[in-house]
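S.K.: Before we start, here is the structure in question, set down as structure tokens.
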Amino acid sequence: MIQISTLSANMADEAEGESTTNNVREGTIDPLQIPVSSGTDDEEDIIAVIRAPSSSSNANASTTALMGSLKLEEDPDIKDLFITVDDFQKHVFKIDTYITYRVFTRTTRSSFDEPEYSVRRRYQDFLWLRQKLTETEETHIIPPLPEKHSMRMDRLSKVFARIRQTALHKFMQRISEHPVVSFNEYLKIFLTAKELTTHRKAGAGIVSRIGSTIKTTTSALMLKNRSPEFTIMTEYIGMFGDKMSSVDRISQRILKEQSDMGTELETYGPTYRLWANSESELTETLGGLGDCLDKCAKPYKDMTENTELHFLPAAKEYILYADAVKSTLKKRDFIQMEYELACEELTRKKNEREHVKISDQNYSLGAIMGKDPNDVKEAKSTRLDTQIEKLQKQVDYLSDRTEVANADIKADMERWQRNKRKDMKEMFTGLAKNQVECYKQCLDAWEEVIEVLKSDRKPHEELGNSLFEMSEPSMHAAKENNLPQNDLKE
């Protein structure tokens with residue numbers, strides 16, 4: 001069935017490739033809706049040796065991915081796994097100090113022995129889980145974890161622990177909602193095992209991880225026939241990551257300026273109250289200004305705190321999410337590169353077999369050593385037939401694996417886009433409400449000051465009139481005697 005679907009997809013791509021590319025450039029087609037294409041063309045540059053796929057890990061990964069692509073079509077409203085990360089605790093020892101988080105799980109899945117589990121995990125345990133998920137679910141987008149360190153906060157402070165706890169909770173929620181990754185065996189171990197020490201020791205070494213990174217990084221350079229939709233995805237993710245980095249960078253500058261503004265307002269209010277002590281006539285006015293500035297300082301403090309706790313972590317998460325998507329796309333490119341190399345090697349072997357059939361083996365090395373030329377030709381043909389048979393199985397396997405990888409990436413990208421639209425709406429709506437609330441409270445405070453100033457205006461005017469009367473006694477005397485001012489001057 002998979003080979004038939006592959007042939008159908010290749011035929012459809014050949015018929016619609018040019019029109020699809022034009023429509024994508026014009027913006028009339030969503031790049032995520034373009035059908036998958038994974039055909040290959042014979043090239044002049046042929047690579048002679050290709051690594052044979054592993055018979056266990058790759059096969060299991062392909063089977064898991066195929067099952068996952070089918071499960072993606074199930075009802076998304078059915079959820080049978082609920083994970084909560086809360087109750088962070090600080091552990092202080094002579095040698096080390098660290099924070100743990102409670103991971104509480106409720107499930108109705110038959111693969112779990114109990115309906116509820118409660119374990120405590122450190123941040124490095126979450127790192128181990130994500131590493132295992134990226135290794136075993138290589139064709140799926142694994143959500144990012146929050147960064148290990150922060151330039152603005154102490155990693156052992158309560159504020160930092162609360163921010164990290166929120167991010168870890170969101171990470172586990174995204175994992176539990178994934179129709180394929182949520183069934184991963186390492187996730188079950190993470191949720192149920194009391195201790196992860198023995199499991200973490202059995203992990204892959206750093207050398208193997210570096211080797212895998214190098215392979216996925218160089219695959220894009222060797223790839224010859226990437227489908228246009230994945231090129232568009234890669235370009236979009238790069239642009240999106242750059243935009244989110246700019247938003248994060250500018251938001252941090254604005255946050256610092258607003259924080260400094262709040263600090264200045266806290267010291268500005270007392271200045272007016274001290275001034276009021278030496279101005280008996282302006283006591284109420286200056287006191288009102290001091291109270292107004294104090295009222296404005298608190299909204300600024302609340303606004304900066306809300307931005308630091310909610311907006312900036314959400315923006316940072318999607319910067320890391322963009323990197324996670326890039327990494328998954330590179331793995332897909334590597335899978336397709338293996339398929340293309342296998343096709344090239346198969347073509348080379350077939351050409352070599354045809355060449356042997358028509359070649360003269362009288363001057364071959366075997367004939368020179370005394371063997372019958374026909375026997376030499378037969379031996380070469382037999383050897384090439386065996387190699388071609390093995391390569392054909394490998395090509396079929398890699399073709400299926402490429403198709404499954406394409407389907408997984410497309411499904412995960414659609415899910416990621418939906419989550420992104422929802423999260424971006426919540427993130428910017430929260431930012432806007434936070435800004436409006438801050439400036440609304442400041443506006444109310446200043447309007448109260450205006451009312452105070454208006455109420456003080458009449459007494460001040462009377463005071464000014466009395467001072468004017470004391471400075472001009474002759475004019476008021478002339479008015480009282482009803483004498484013309486000209487006569488008074490004379």
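S.K.: For the subset of segment 77-116 comprising residues that are charged (D, E, K, R) and assigned to a strand (DSSP E or B), which member is surrounded by the fewest Cβ atoms within 10 Å (Cβ to Cβ)?
M.R.: Glu116
S.K.: Could you check, for segment 229-241, whether at least one of its residues is within 30 Å of Cys438 (Cα to Cα) and in a helix (DSSP H, G or I)?
M.R.: Yes, segment 229-241 contains a residue that is within 30 Å of Cys438 (Cα to Cα) and in a helix (DSSP H, G or I).
S.K.: Given the criteria of a type outside the set (Asp, Glu), out of contact with any Cys (no Cβ under 7 Å at 6 or more places or on another chain) and open to solvent by 70 Å² or more (accessible area, probe 1.4 Å), does Arg120 qualify?
M.R.: Judged against the criteria, Arg120 is a match.
S.K.: Which residue is farthest from Thr263 (Cα to Cα), if the candidates are limited to segment 298-307 and must be in contact (Cβ under 8 Å) with a residue 12 or more places away in the chain and open to solvent by 50 Å² or more (accessible area, probe 1.4 Å)?
M.R.: If we take residues in segment 298-307 being in contact (Cβ under 8 Å) with a residue 12 or more places away in the chain and open to solvent by 50 Å² or more (accessible area, probe 1.4 Å), then Asn306 is farthest from Thr263 (Cα to Cα).
S.K.: Here's a follow-up. Right, Lys215: more than 27 Å from Ile83 (Cα to Cα) and modelled with pLDDT of 90 or more or not? First the steps, then the outcome.
M.R.: Details: more than 27 Å from Ile83 (Cα to Cα): yes; modelled with pLDDT of 90 or more: no.
Judged against the criteria, Lys215 is not a match.
The values are calculated or read from the model by the stated rules, or taken from the named source; none is laboratory data. This structure is a prediction, so every number in the text was calculated from the model and none was measured. Cβ coordinates were reconstructed from backbone atoms using ideal geometry, including for glycine residues, and neighbour counts include every protein chain displayed. Ligands, DNA and RNA are stripped out before the accessible areas are found, and what is left, the full protein with its side chains, is counted by its heavy atoms. Shrake-Rupley method; radii C 1.70, N 1.55, O 1.52, S 1.80 Å.
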